[in-house]
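The values are calculated or read from the model by the stated rules, or taken from the named source; none is laboratory data. These numbers come from a predicted model, not from an experiment. Glycine also receives a Cβ, built like all others from the backbone with ideal geometry; neighbour counts cover every protein chain displayed.
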Amino acid sequence: MLYRILKIVCNVVFRLFWRWRIVGADHFPKSGPVILVANHVSVWDPVIIAAAMPRNVRFMAKEELFQIPLLNSIITQLGSFPVKRGQADRGAIKQALEILAEGEVLGLFPEGTRSKTGELQKPHPGAALIALKSSAPVVPVACLGSNQPWKRMFHSGGFTVIIGPGQSYNKSAEHRLSTNSLEAVSNDMMLKISHLILDNISQVEHD
């Protein structure tokens with residue numbers, strides 16, 4: 001219930017004050033497990049992306065956020081769960097796979113942390129590991145304009161969310177759980193996000 005209420009509120013606010021746009025919504029699967037992978041440049045990203053998606057998204061978020069009393073309660077109710085950064089968090093990986101096994105949408109930021117420059121950073125292997133273990137379709141998403149929210153208020157190109165076609169990385173001779181395969185899948189995810197950004201950034205800047 002809380003998720004639905006906040007999503008409605010965010011949709012209204014973003015459309016009124018940030019003139020946001022959603023591109024490629026038809027690419028998002030209507031049912032079944034989905035791994036959503038996106039770029040990360042702002043604390044606004046999870047909110048903007050969640051509001052733009054046709055289905056509820058359960059984000060993997062850094063453990064530190066769950067140590068803030070009020071915020072902990074809110075993001076837990078919204079379906080987010082913690083991950084320990086800088087180490088292999090088996091508990092978080094297990095929970096992510098359980099979410100997918102239940103046919104839900106898992107939200108991940110492969111870079112692991114926000115980019116201060118706005119440029120894509122080197123991805124961590126966690127998203128690739130989950131993709132290979134689950135074989136769930138991976139949907140790339142690019143969030144543009146969120147790193148300058150106040151500058152873009154009332155601007156026609158305020159926030160733009162671009163959703164790309166999904167792809168499954170099934171475990172095979174080519175994609176085994178090795179360091180090389182994890183790196184290859186991770187890089188491919190980021191390449192797809194990069195293409196979404198490059199194909200749309202000129203339009204956003206023009207507006």
Exactly one of 92, 88 is hydrophobic (A, V, I, L, M, F, W, C) and exposed (fewer than 14 other Cβ atoms within 10 Å of the Cβ), and that one is 88
Quick check: anything in the range 147-159 crowded, with 21+ Cβ neighbours inside 10 Å and within 14 Å of the chain's Cα centre (by Cα)? no
Picked from the range 19-39 (must be of a type in the set (A, V, I, L, M, F, W, C) and more than 23 Å from residue 76 (Cα to Cα)), the residue modelled with the lowest pLDDT is 20
Only one of (1) in a loop (DSSP other than H, G, I, E, B); (2) in contact with a strand residue (DSSP E or B) (Cβ under 6 Å, 6 or more places away or on another chain) does not apply to residue 103, and that is (2)
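Here's the yes/no breakdown for (1) surrounded by 12 or more Cβ atoms within 10 Å (Cβ to Cβ); (2) among the basic types (Lys, Arg); (3) modelled with pLDDT under 95:
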site: 17; (1), (2), (3): yes, no, yes
site: 41; (1), (2), (3): yes, no, yes
site: 50; (1), (2), (3): yes, no, no
site: 62; (1), (2), (3): yes, yes, yes
site: 74; (1), (2), (3): yes, no, yes
site: 84; (1), (2), (3): yes, yes, yes
site: 106; (1), (2), (3): yes, no, no
So the strands (runs of 3 or more DSSP E) completely within the range 1-96 holding 2 or more residues that are in contact (Cβ under 8 Å) with a residue 12 or more places away in the chain and within 18 Å of residue 110 (Cβ to Cβ) are 34-38, 57-62, 81-83
For the range 115-165 the number of residues that are part of a loop (DSSP other than H, G, I, E, B), farther than 23 Å from residue 96 by Cα and either touching a Gly at 6+ places or on another chain (Cβ under 7 Å) or of a type outside the set (A, V, I, L, M) (or both) is 19
